[in-house]
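Q: Mind looking over this structure? Questions follow.
The values are calculated or read from the model by the stated rules, or taken from the named source; none is laboratory data. Everything numeric in this text was worked out from a predicted model, so none of it was measured. All Cβ positions, glycine included, derive from the backbone under ideal geometry; neighbour counts span all protein chains shown.
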Amino acid sequence: MKIAVLPGDGIGPEIVAQAVKVLEVLRTEGAKLEMETAPIGGAGYDAAGDPLPDTTLKLAREADAVLLGAVGGPQYDALDRPLRPERGLLRIRKELNLFANLRPALLYPELASASSLKPEVVSGLDLMIVRELTGDVYFGQPRGIEVRNGERVGFNTMLYAESEVRRVAHVAFGIAMKRGKKLCSVDKANVLECSELWKEVMIEVSKDYPDVALSHMYVDNAAMQLIRAPKQFDTIVTGNIFGDILSDAASMLSGSIGMLPSASLDENNKGMFEPIHGSAPDIAGKNMANPLATILSAAMMYRYTFADLATADRIENAVKKVISQGLRTSDIWTEGTQKVSCSKMGDAVVKALAS
Ligand code: IPM
Ligand code: MG
(Lines give C-alpha, C1' and ligand atoms only; values in the text may rest on other atoms or scores of the structure.)
(Ligands and ions follow the chains in the order given, each with its own letter.)
Protein backbone atom coordinates (compact mmCIF):
# COMPACT_ATOMS: atom_id res chain seq x y z
CA MET A 1 0.00 0.00 0.00
CA LYS A 2 1.33 3.36 -0.99
CA ILE A 3 0.26 6.37 1.03
CA ALA A 4 0.73 9.93 -0.19
CA VAL A 5 1.39 12.02 2.91
CA LEU A 6 0.39 15.67 2.45
CA PRO A 7 0.99 17.59 5.69
CA GLY A 8 -0.04 21.01 4.34
CA ASP A 9 0.06 24.15 6.49
CA GLY A 10 -0.22 25.42 10.04
CA ILE A 11 -0.57 22.54 12.48
CA GLY A 12 -0.75 20.12 9.51
CA PRO A 13 2.87 18.90 9.74
CA GLU A 14 2.68 18.39 13.55
CA ILE A 15 -0.50 16.35 13.55
CA VAL A 16 0.41 14.33 10.46
CA ALA A 17 3.74 13.43 12.06
CA GLN A 18 1.81 11.74 14.90
CA ALA A 19 -0.33 9.70 12.51
CA VAL A 20 2.83 8.71 10.62
CA LYS A 21 4.32 7.44 13.90
CA VAL A 22 1.31 5.16 14.24
CA LEU A 23 1.69 3.93 10.65
CA GLU A 24 5.41 3.35 11.23
CA VAL A 25 4.55 1.00 14.10
CA LEU A 26 2.35 -1.03 11.78
CA ARG A 27 5.13 -1.11 9.23
CA THR A 28 7.73 -2.38 11.69
CA GLU A 29 5.25 -5.12 12.55
CA GLY A 30 5.29 -6.16 8.90
CA ALA A 31 2.57 -4.14 7.15
CA LYS A 32 3.63 -3.39 3.58
CA LEU A 33 3.39 0.38 3.69
CA GLU A 34 5.19 2.90 1.60
CA MET A 35 4.88 6.58 2.47
CA GLU A 36 5.89 9.57 0.41
CA THR A 37 5.47 13.18 1.46
CA ALA A 38 4.56 16.12 -0.82
CA PRO A 39 3.48 19.73 -0.34
CA ILE A 40 -0.08 21.00 -0.73
CA GLY A 41 -1.88 24.26 0.07
CA GLY A 42 0.33 27.13 1.15
CA ALA A 43 3.27 24.73 1.32
CA GLY A 44 2.61 23.85 -2.34
CA TYR A 45 2.50 27.51 -3.25
CA ASP A 46 5.77 28.14 -1.41
CA ALA A 47 7.48 25.15 -3.03
CA ALA A 48 6.14 25.35 -6.57
CA GLY A 49 3.90 28.42 -6.90
CA ASP A 50 0.81 26.19 -6.97
CA PRO A 51 -1.40 25.04 -4.06
CA LEU A 52 -1.61 21.66 -5.82
CA PRO A 53 1.73 21.13 -7.57
CA ASP A 54 1.66 18.67 -10.50
CA THR A 55 4.09 16.37 -8.71
CA THR A 56 1.80 16.26 -5.67
CA LEU A 57 -1.25 15.45 -7.77
CA LYS A 58 0.70 12.76 -9.61
CA LEU A 59 1.81 11.19 -6.34
CA ALA A 60 -1.76 11.29 -4.99
CA ARG A 61 -3.08 9.65 -8.16
CA GLU A 62 -0.55 6.85 -7.97
CA ALA A 63 -1.03 6.24 -4.26
CA ASP A 64 -3.64 3.88 -2.82
CA ALA A 65 -4.62 6.49 -0.26
CA VAL A 66 -3.84 10.04 0.75
CA LEU A 67 -3.25 11.25 4.31
CA LEU A 68 -3.75 15.00 4.58
CA GLY A 69 -3.19 17.47 7.43
CA ALA A 70 -4.77 20.85 6.81
CA VAL A 71 -4.31 23.80 4.48
CA GLY A 72 -4.47 27.57 4.78
CA GLY A 73 -2.90 30.46 6.64
CA PRO A 74 -3.21 34.23 6.91
CA GLN A 75 -0.05 34.79 4.85
CA TYR A 76 -1.85 33.36 1.82
CA ASP A 77 -5.14 35.25 2.16
CA ALA A 78 -4.14 38.03 -0.20
CA LEU A 79 -3.18 35.70 -3.08
CA ASP A 80 -5.32 35.46 -6.20
CA ARG A 81 -8.12 33.00 -5.60
CA PRO A 82 -6.70 30.18 -7.81
CA LEU A 83 -3.44 30.32 -5.86
CA ARG A 84 -4.97 30.11 -2.40
CA PRO A 85 -4.39 27.00 -0.29
CA GLU A 86 -8.10 26.07 -0.14
CA ARG A 87 -8.16 25.85 -3.91
CA GLY A 88 -5.50 23.13 -3.76
CA LEU A 89 -7.71 21.12 -1.43
CA LEU A 90 -10.81 21.57 -3.58
CA ARG A 91 -8.86 20.62 -6.70
CA ILE A 92 -7.42 17.42 -5.28
CA ARG A 93 -10.92 16.38 -4.15
CA LYS A 94 -12.25 17.04 -7.65
CA GLU A 95 -9.27 15.56 -9.55
CA LEU A 96 -9.43 12.32 -7.56
CA ASN A 97 -13.24 12.25 -7.83
CA LEU A 98 -13.63 12.01 -4.04
CA PHE A 99 -17.35 12.65 -4.03
CA ALA A 100 -18.34 10.89 -0.81
CA ASN A 101 -17.13 12.56 2.37
CA LEU A 102 -17.74 10.60 5.55
CA ARG A 103 -17.66 12.61 8.75
CA PRO A 104 -18.45 10.59 11.85
CA ALA A 105 -19.27 12.41 15.10
CA LEU A 106 -18.71 10.17 18.05
CA LEU A 107 -18.60 11.10 21.70
CA TYR A 108 -16.06 9.34 23.87
CA PRO A 109 -17.84 9.09 27.25
CA GLU A 110 -14.88 10.67 29.08
CA LEU A 111 -15.16 13.77 26.90
CA ALA A 112 -18.80 14.50 27.66
CA SER A 113 -17.75 17.36 29.93
CA ALA A 114 -15.57 18.87 27.17
CA SER A 115 -18.62 19.40 24.98
CA SER A 116 -20.37 22.75 25.25
CA LEU A 117 -23.67 20.85 25.43
CA LYS A 118 -25.13 19.14 28.48
CA PRO A 119 -23.75 15.61 28.98
CA GLU A 120 -27.24 14.04 28.76
CA VAL A 121 -27.78 15.66 25.34
CA VAL A 122 -24.57 14.24 23.87
CA SER A 123 -23.70 11.10 25.83
CA GLY A 124 -23.78 8.03 23.62
CA LEU A 125 -23.72 10.13 20.47
CA ASP A 126 -22.72 8.23 17.32
CA LEU A 127 -23.73 9.84 14.09
CA MET A 128 -22.36 9.81 10.57
CA ILE A 129 -22.61 12.73 8.15
CA VAL A 130 -22.20 11.80 4.49
CA ARG A 131 -21.36 15.01 2.68
CA GLU A 132 -21.28 15.19 -1.11
CA LEU A 133 -17.87 16.69 -1.86
CA THR A 134 -17.34 17.45 -5.55
CA GLY A 135 -20.47 19.31 -6.61
CA ASP A 136 -22.87 22.00 -5.43
CA VAL A 137 -22.16 25.71 -5.13
CA TYR A 138 -18.50 24.84 -4.51
CA PHE A 139 -17.98 23.90 -8.15
CA GLY A 140 -21.06 25.10 -10.07
CA GLN A 141 -20.59 27.38 -13.06
CA PRO A 142 -21.01 30.26 -13.71
CA ARG A 143 -19.32 31.91 -10.78
CA GLY A 144 -17.55 35.19 -10.33
CA ILE A 145 -17.55 38.83 -9.37
CA GLU A 146 -18.46 41.35 -12.09
CA VAL A 147 -19.97 44.76 -12.60
CA ARG A 148 -23.67 44.92 -13.41
CA ASN A 149 -25.64 48.17 -13.54
CA GLY A 150 -22.71 50.10 -12.19
CA GLU A 151 -22.07 47.97 -9.11
CA ARG A 152 -20.20 44.78 -8.35
CA VAL A 153 -22.16 41.59 -7.98
CA GLY A 154 -20.84 38.28 -6.71
CA PHE A 155 -22.49 35.06 -7.89
CA ASN A 156 -22.19 31.28 -7.61
CA THR A 157 -24.27 28.46 -8.97
CA MET A 158 -25.79 25.74 -6.84
CA LEU A 159 -25.97 22.78 -9.18
CA TYR A 160 -26.39 19.02 -8.91
CA ALA A 161 -26.73 16.53 -11.75
CA GLU A 162 -28.96 13.63 -10.80
CA SER A 163 -26.08 11.19 -11.34
CA GLU A 164 -24.08 13.08 -8.70
CA VAL A 165 -26.93 12.84 -6.21
CA ARG A 166 -27.53 9.19 -7.03
CA ARG A 167 -23.98 8.01 -6.44
CA VAL A 168 -23.67 9.73 -3.06
CA ALA A 169 -27.14 8.45 -2.16
CA HIS A 170 -25.95 4.87 -2.76
CA VAL A 171 -22.93 5.43 -0.52
CA ALA A 172 -25.12 6.92 2.22
CA PHE A 173 -27.75 4.17 2.05
CA GLY A 174 -24.96 1.58 2.13
CA ILE A 175 -23.51 3.15 5.27
CA ALA A 176 -26.94 3.48 6.91
CA MET A 177 -27.48 -0.25 6.22
CA LYS A 178 -24.38 -1.05 8.29
CA ARG A 179 -25.44 1.33 11.05
CA GLY A 180 -28.91 2.03 12.49
CA LYS A 181 -30.77 1.80 9.15
CA LYS A 182 -31.98 5.39 9.48
CA LEU A 183 -31.01 7.97 6.87
CA CYS A 184 -31.95 11.63 7.06
CA SER A 185 -31.49 13.59 3.84
CA VAL A 186 -30.92 17.28 4.54
CA ASP A 187 -31.92 19.85 1.93
CA LYS A 188 -33.63 23.19 1.40
CA ALA A 189 -36.31 21.91 -0.94
CA ASN A 190 -38.82 24.51 0.24
CA VAL A 191 -36.76 27.20 -1.50
CA LEU A 192 -34.20 25.70 -3.90
CA GLU A 193 -34.85 23.76 -7.14
CA CYS A 194 -31.46 22.14 -6.71
CA SER A 195 -32.69 20.67 -3.42
CA GLU A 196 -36.00 19.67 -4.97
CA LEU A 197 -34.13 17.43 -7.42
CA TRP A 198 -31.86 16.18 -4.63
CA LYS A 199 -34.89 15.06 -2.64
CA GLU A 200 -36.55 13.38 -5.63
CA VAL A 201 -33.42 11.36 -6.38
CA MET A 202 -33.05 10.35 -2.72
CA ILE A 203 -36.58 8.99 -2.80
CA GLU A 204 -35.89 7.10 -6.06
CA VAL A 205 -32.72 5.51 -4.67
CA SER A 206 -34.48 4.60 -1.41
CA LYS A 207 -36.49 1.99 -3.36
CA ASP A 208 -33.27 -0.07 -3.58
CA TYR A 209 -32.92 -0.02 0.20
CA PRO A 210 -36.27 -1.03 1.66
CA ASP A 211 -34.66 -1.76 5.04
CA VAL A 212 -33.50 1.83 5.52
CA ALA A 213 -35.95 4.41 6.85
CA LEU A 214 -35.43 7.58 4.82
CA SER A 215 -36.50 10.93 6.22
CA HIS A 216 -36.03 14.50 4.98
CA MET A 217 -35.21 17.63 6.89
CA TYR A 218 -34.62 21.25 5.89
CA VAL A 219 -31.11 22.39 6.64
CA ASP A 220 -32.15 25.18 9.03
CA ASN A 221 -34.16 22.74 11.10
CA ALA A 222 -31.32 20.19 10.92
CA ALA A 223 -28.92 22.77 12.35
CA MET A 224 -31.31 23.31 15.24
CA GLN A 225 -32.02 19.61 15.79
CA LEU A 226 -28.29 18.80 15.87
CA ILE A 227 -27.92 21.09 18.86
CA ARG A 228 -31.31 20.32 20.46
CA ALA A 229 -31.44 16.52 20.23
CA PRO A 230 -28.52 15.13 18.21
CA LYS A 231 -29.13 11.51 19.15
CA GLN A 232 -32.25 11.40 16.95
CA PHE A 233 -29.86 11.07 13.99
CA ASP A 234 -28.08 7.95 12.80
CA THR A 235 -26.84 8.76 9.28
CA ILE A 236 -27.25 12.12 7.55
CA VAL A 237 -26.71 12.69 3.82
CA THR A 238 -26.45 16.17 2.41
CA GLY A 239 -24.87 18.38 -0.24
CA ASN A 240 -21.46 20.00 -0.17
CA ILE A 241 -22.22 23.37 1.43
CA PHE A 242 -24.83 22.15 3.91
CA GLY A 243 -22.51 19.31 4.88
CA ASP A 244 -19.62 21.70 5.40
CA ILE A 245 -21.66 23.73 7.86
CA LEU A 246 -23.48 20.89 9.64
CA SER A 247 -20.31 18.86 10.14
CA ASP A 248 -18.62 21.73 11.96
CA ALA A 249 -21.68 22.06 14.18
CA ALA A 250 -21.73 18.30 14.80
CA SER A 251 -18.06 18.32 15.75
CA MET A 252 -18.75 20.35 18.86
CA LEU A 253 -21.09 17.63 20.08
CA SER A 254 -18.06 15.40 20.44
CA GLY A 255 -16.16 17.78 22.66
CA SER A 256 -13.77 19.28 20.18
CA ILE A 257 -13.33 19.69 16.47
CA GLY A 258 -9.87 18.26 17.18
CA MET A 259 -11.39 14.81 17.60
CA LEU A 260 -13.13 14.33 14.26
CA PRO A 261 -11.61 12.42 11.34
CA SER A 262 -12.96 12.16 7.81
CA ALA A 263 -12.75 9.98 4.75
CA SER A 264 -13.30 11.23 1.21
CA LEU A 265 -13.90 8.34 -1.15
CA ASP A 266 -14.20 7.73 -4.85
CA GLU A 267 -16.22 5.02 -6.59
CA ASN A 268 -13.61 2.36 -5.75
CA ASN A 269 -13.09 3.34 -2.12
CA LYS A 270 -9.77 4.94 -2.85
CA GLY A 271 -9.64 7.83 -0.48
CA MET A 272 -8.17 10.85 1.11
CA PHE A 273 -8.19 10.94 4.89
CA GLU A 274 -8.01 14.14 6.88
CA PRO A 275 -9.13 15.70 10.14
CA ILE A 276 -12.14 17.94 9.61
CA HIS A 277 -10.52 20.87 11.42
CA GLY A 278 -8.37 23.50 9.74
CA SER A 279 -4.75 24.55 9.94
CA ALA A 280 -5.17 26.55 13.20
CA PRO A 281 -2.38 29.07 12.44
CA ASP A 282 -2.74 30.56 15.94
CA ILE A 283 -1.30 27.43 17.58
CA ALA A 284 0.90 26.18 14.72
CA GLY A 285 4.44 25.21 15.68
CA LYS A 286 3.61 25.19 19.39
CA ASN A 287 3.26 21.41 19.71
CA MET A 288 -0.15 21.80 21.33
CA ALA A 289 -2.59 20.71 18.60
CA ASN A 290 -4.74 17.63 19.03
CA PRO A 291 -3.43 14.87 16.72
CA LEU A 292 -6.28 12.44 17.48
CA ALA A 293 -8.48 13.46 14.54
CA THR A 294 -5.57 12.75 12.18
CA ILE A 295 -4.74 9.44 13.86
CA LEU A 296 -8.43 8.50 13.65
CA SER A 297 -8.31 9.46 9.97
CA ALA A 298 -5.56 6.86 9.52
CA ALA A 299 -7.94 4.37 11.17
CA MET A 300 -10.59 5.31 8.59
CA MET A 301 -8.00 4.66 5.87
CA TYR A 302 -7.67 1.11 7.14
CA ARG A 303 -11.43 0.71 7.43
CA TYR A 304 -12.48 2.06 4.05
CA THR A 305 -9.58 1.87 1.61
CA PHE A 306 -7.53 -1.05 2.93
CA ALA A 307 -10.66 -2.91 4.16
CA ASP A 308 -8.63 -4.01 7.19
CA LEU A 309 -11.20 -3.60 9.93
CA ALA A 310 -9.07 -5.27 12.59
CA THR A 311 -6.31 -2.68 12.23
CA ALA A 312 -8.86 0.14 12.08
CA ASP A 313 -10.39 -1.10 15.35
CA ARG A 314 -6.95 -1.44 16.85
CA ILE A 315 -6.02 2.20 16.13
CA GLU A 316 -9.40 3.41 17.41
CA ASN A 317 -9.02 1.35 20.58
CA ALA A 318 -5.56 2.82 21.17
CA VAL A 319 -7.12 6.31 20.98
CA LYS A 320 -9.88 5.24 23.38
CA LYS A 321 -7.23 3.96 25.73
CA VAL A 322 -5.25 7.20 25.92
CA ILE A 323 -8.49 9.10 26.49
CA SER A 324 -9.43 6.75 29.31
CA GLN A 325 -5.93 7.15 30.76
CA GLY A 326 -6.82 10.82 31.18
CA LEU A 327 -4.42 12.28 28.63
CA ARG A 328 -5.71 15.46 26.98
CA THR A 329 -4.41 18.07 24.59
CA SER A 330 -5.46 21.56 25.62
CA ASP A 331 -8.59 21.66 23.42
CA ILE A 332 -10.16 18.78 25.37
CA TRP A 333 -8.51 19.39 28.72
CA THR A 334 -10.74 19.65 31.79
CA GLU A 335 -9.93 19.86 35.50
CA GLY A 336 -8.50 16.59 36.83
CA THR A 337 -7.05 15.36 33.53
CA GLN A 338 -3.45 15.49 32.34
CA LYS A 339 -2.54 18.07 29.74
CA VAL A 340 -0.11 16.74 27.12
CA SER A 341 1.50 18.11 23.98
CA CYS A 342 0.74 17.02 20.43
CA SER A 343 3.82 14.79 20.21
CA LYS A 344 3.26 13.30 23.70
CA MET A 345 -0.27 12.41 22.64
CA GLY A 346 1.13 10.70 19.54
CA ASP A 347 3.64 8.78 21.67
CA ALA A 348 0.88 7.69 24.02
CA VAL A 349 -1.19 6.31 21.13
CA VAL A 350 1.87 4.45 19.82
CA LYS A 351 2.39 2.94 23.27
CA ALA A 352 -1.28 2.00 23.61
CA LEU A 353 -1.13 0.37 20.20
CA ALA A 354 1.72 -1.89 21.30
CA SER A 355 0.12 -2.98 24.56
C1 IPM B 1 -13.75 21.42 5.12
C2 IPM B 1 -13.16 22.80 4.95
C3 IPM B 1 -12.99 23.10 3.47
C4 IPM B 1 -14.36 23.06 2.82
C5 IPM B 1 -12.27 24.42 3.16
C6 IPM B 1 -10.92 24.51 3.83
C7 IPM B 1 -12.13 24.66 1.68
O8 IPM B 1 -13.96 23.74 5.60
O9 IPM B 1 -13.11 20.45 4.67
O10 IPM B 1 -14.83 21.31 5.70
O11 IPM B 1 -15.08 24.07 2.83
O12 IPM B 1 -14.74 22.00 2.31
MG1 MG C 1 -15.55 22.93 6.74
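Q: Report, ordered by the first and then the second residue, all pairs with beta carbons closer than 9 Å, sequence separation of six or more or different chains, a first member in the stretch 157-174 that is closer than 11 Å to residue 139 by Cβ, and a second member that is hydroxyl-bearing (Ser, Thr, Tyr) and in a helix (DSSP H, G or I).
A: That search, which allows pairs on different chains as well, returns 158/195; 160/195.
Q: Just to verify a result, which residue in the stretch 201-220, among those that are in contact (Cβ under 8 Å) with a residue 12 or more places away in the chain and charged (D, E, K, R), is nearest to residue 246 (Cα to Cα)?
A: 220
Q: Sticking with this one: Could you tell me whether any residue of the stretch 10-21 is assigned by TED's automatic domain parsing to the domain that holds residue 96, of a type in the set (Gly, Ala, Ser) and exposed (fewer than 15 other Cβ atoms within 10 Å of the Cβ)?
A: No: zero hits.
Q: Within the stretch 182-224, can you find the residues that are outside any helix (DSSP H, G or I) and within 19 Å of residue 159 (Cβ to Cβ)?
A: 185, 186, 187, 188, 189, 190, 191, 192
Q: Can you name the residue in the stretch 239-266 that is at pLDDT 95 or above and over 26 Å from residue 60 (Cβ atoms) and, of all such residues, is surrounded by the most Cβ atoms within 10 Å (Cβ to Cβ)?
A: Out of the qualifying residues, it is 242.
Conditions (1) at pLDDT 95 or above; (2) closer than 24 Å to residue 184 by Cα; (3) of a type outside the set (Asp, Glu); (4) within 16 Å of ligand 1 (Cβ to nearest atom), marked per residue:
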site	(1), (2), (3), (4)
95	yes, no, no, yes
108	no, yes, yes, no
120	no, yes, no, no
136	yes, yes, no, yes
146	yes, no, no, no
154	yes, no, yes, no
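Per-residue answers, yes or no, for (1) away from ligand 1 (no atom under 16 Å from the Cβ); (2) of a type in the set (Asp, Glu); (3) within 26 Å of residue 116 (Cβ to Cβ):
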{"residue": "291", "(1), (2), (3)": "yes, no, yes"}
{"residue": "296", "(1), (2), (3)": "no, no, yes"}
{"residue": "305", "(1), (2), (3)": "yes, no, no"}
{"residue": "317", "(1), (2), (3)": "yes, no, no"}
{"residue": "320", "(1), (2), (3)": "yes, no, yes"}
{"residue": "325", "(1), (2), (3)": "yes, no, yes"}
{"residue": "330", "(1), (2), (3)": "yes, no, yes"}
{"residue": "335", "(1), (2), (3)": "yes, yes, yes"}
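Q: Now a separate question. Does residue 110 meet the test of being within 16 Å of ligand 2 (Cβ to nearest atom), charged (D, E, K, R) and in a helix (DSSP H, G or I)?
A: no
Q: Let me ask something else. Over 30 Å from residue 229 (Cβ atoms), more than 15 Å from ligand 2 (Cβ to nearest atom) and touching a residue at least 12 places away in the same chain (Cβ under 8 Å): is that true of residue 87 in this structure?
A: No: the conditions fail for residue 87.
Q: Still on this structure, I have one more. Test residue 61 against the stated conditions and say whether it is modelled with pLDDT of 95 or more, more than 14 Å from ligand 1 (Cβ to nearest atom) and either surrounded by fewer than 18 Cβ atoms within 10 Å (Cβ to Cβ) or assigned to a strand (DSSP E or B) (or both).
A: Taking the combined requirement at face value, the residue satisfies it.
Q: Going by what's in this entry, would residue 150 be described as free of Cβ contacts under 8 Å to residues at least 24 places away in the same chain and surrounded by 15 or more Cβ atoms within 10 Å (Cβ to Cβ)?
A: So residue 150 fails the test.
Q: While we're looking at this one, here's another question. Looking at the structure I just gave you, is residue 263 within 14 Å of ligand 1 (Cβ to nearest atom), under 14 Å from the mean Cα position of the chain (by Cα), within 28 Å of residue 124 (Cβ to Cβ) and assigned by TED's automatic domain parsing to the domain that holds residue 41?
A: It is false that residue 263 is within 14 Å of ligand 1 (Cβ to nearest atom), under 14 Å from the mean Cα position of the chain (by Cα), within 28 Å of residue 124 (Cβ to Cβ) and assigned by TED's automatic domain parsing to the domain that holds residue 41.
Q: Kindly check whether there is at least one residue in the stretch 66-74 that is within 27 Å of residue 267 (Cα to Cα), at pLDDT 95 or above, part of a loop (DSSP other than H, G, I, E, B) and away from ligand 1 (no atom under 14 Å from the Cβ).
A: no
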